[in-house]
Amino acid sequence: MAKILIADDDATLRDMLRTAFERTGHEVSFSENADETIGLVREGLFDLLVLDISLPGKSGPEILSQLKLENAPVPPTMILSSKVSHDLVHECLEAGAKDFVIKPFNMPVLIQRAARLIEKNWKPPVRR
């Protein structure tokens, strides 16, 4: 089970993603704006960040860039966007995103891609 933060200002999309991720056994939290997202990520509690390209306050790449400058514990990040261009994808990846998903998307495919990101970042528990 992974802890996933869904950062999107669209309540309908958040609910759809929550349902899909919870069905696969994950724990889901939400944020609706840039400041809330940044605050939650700083706490370092998440295995995956599903981040909308544009939140009230900042864009997804701006959020990732700020967190990177702060040396915050940014989990693997999947950007969701209805717009796509080579420059936009490059900006997101340069800011630290690991995946870029175009809306509308196929939910099972998104869940599978998210699982790969979580698995790639998995770390064994620290033994004391």
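The values are calculated or read from the model by the stated rules, or taken from the named source; none is laboratory data. If you're wondering where the values come from, they're calculated on a predicted model, not measured in any experiment. Cβ sites come from the backbone with ideal geometry, for glycine too, and all protein chains shown count toward neighbours.
General observations
- Counted residues, the range 1-20 - those being outside any strand (DSSP E or B), over 13 Å from Ile111 (Cα atoms) and among the basic types (Lys, Arg): 1
- Residue in the range 28-53 that is modelled with the lowest pLDDT, counting only those that are loosely packed, with under 15 Cβ neighbours inside 10 Å and of a type in the set (Asp, Glu): Glu43
- Matching residues in the range 13-27 - criterion: being surrounded by fewer than 19 Cβ atoms within 10 Å (Cβ to Cβ) and within 20 Å of Ser81 (Cα to Cα): Leu13, Asp15, Met16, Arg18, Thr19, Ala20
- Residue satisfying condition, being farther than 15 Å from Pro76 by Cα, of a type in the set (Gly, Ala, Ser), touching a helix residue (DSSP H, G or I) at 6+ places or on another chain (Cβ under 7 Å) and at pLDDT 95 or above, within set Ala20, Ala11: Ala20
- The residue that is surrounded by the most Cβ atoms within 10 Å (Cβ to Cβ), among those in the range 59-79 that are among the aliphatic types (A, V, I, L, M) and under 9 Å from the mean Cα position of the chain (by Cα), is Ile79.
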